[in-house]
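Here's the structure we're looking at; comments come further down.
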Amino acid sequence: MANANKVERALIEGRAALIVVDIQASTFVDASAVRSIDNMPGYAARMLTARGAIDVAREVGIPVMFIQEVHHPSGVDFGRELDGDEDVHCLEDNPKTALAVEQMGVRPDDIVIRKRRYSAFFGTDFEIYLKALKIDTLILVGGLTDVCVHYTFVDGHQSDYFCRVIEECVAGSSVAAHEAALRAMEYLQSGAVRSLAEVQAAMRAV
């Protein structure tokens, strides 16, 4: 049943921030056939495509915020995260856990949110920064589409942010999971899933 009360929204409503979710060094230095977290084919290439959104955001003055998953070397903070398909990952003392500084053009003064759960909102100071910057629209890139991107999107949605995800700049644990997560996000906010070209144009028009 169609929602008769649905309001058509712009791609960017109010002030936007680009949220770069978990694009870390392991994406580009770990060529192992067996990984601690499954990645769909073309994962690294999709993460590199996110640089196109980052560069335009910087060009027009839209804040860029980097999300980094980290875990204590003892593993004490994993909780239930290892009860499914994921193995130990993102340990603080592992160089692969660092942000992909060169590939994403991370700057020393960028805002970096370190998280120990899937959502960037959970147990972090993410929303303190969003409120301080008076952000209304979250534009998401990174991975996994079906895990950290999806859960950050959902928490943003439930916190009344307008949420957008750039389809070419996210990747999932599998193609099927990636596509299902995009459908789930689109269900929550019509027009949530957008192309890189659309988002770049909207950024430049703000």
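Multiplying the sequence separation of Glu198 and Arg107 by 0.36 nm and subtracting their Cα-Cα distance, what value in nm do you get?
Length gained between Glu198 and Arg107: 30.2 nm.
Which net charge results when you count Lys and Arg as +1 and Asp and Glu as -1 among the other residues whose beta-carbon is under 13 Å from that of Val141? Walk me through the intermediate numbers first.
Numbers: positive: Arg46, Arg51, Arg164, Arg194; negative: Asp22, Asp55, Glu167, Glu168.
Once all neighbours under 13 Å are counted, the net charge is 0.
Please give me, ordered by residue number, the chymotrypsin sites (Phe, Trp or Tyr not before Pro) of segment 96-173 that lie in loop per DSSP and have at most 13 other Cβ atoms within 10 Å. Walk me through the numbers before you get to the answer.
Working: sites: Tyr118, Phe121, Phe122, Phe126, Tyr129, Tyr151, Phe153, Tyr161, Phe162; in loops: Tyr118, Phe121, Phe122, Tyr161.
Loop-located and lightly packed - Phe122.
Below 30 Å, Cα to Cα, which lysines can Lys96 reach? Residues fewer than 8 away in the same chain don't count.
Excluding near neighbours in sequence, the set is Lys115.
Specify whether the C-alpha gyration tensor of segment 99-206 places it in the rounded, prolate or oblate class, a ≥ b ≥ c being the square roots of the eigenvalues: rounded for a/c under 1.5, otherwise prolate if a/b is larger than b/c and oblate if not.
Rounded is the answer for segment 99-206, as its axis ratio a/c remains below 1.5.
What do you get for trypsin sites (Lys or Arg not before Pro) in segment 126-206 restricted to DSSP loop and a cutoff of at most 13 other Cβ within 10 Å of the site's Cβ? Spell out each step's value before the answer.
On the way: sites: Lys131, Lys134, Arg164, Arg183, Arg194, Arg204; in loops: Lys134.
Sparse-neighbourhood loop trypsin sites (Lys or Arg not before Pro): Lys134.
Each reported figure results from applying straightforward, stated rules to the coordinates on display, with no laboratory input. These figures come from a predicted structure and were not determined experimentally. Methodologically, a virtual Cβ is constructed for each residue, glycine included, from the backbone with ideal geometry; neighbour enumeration extends over all protein chains shown.
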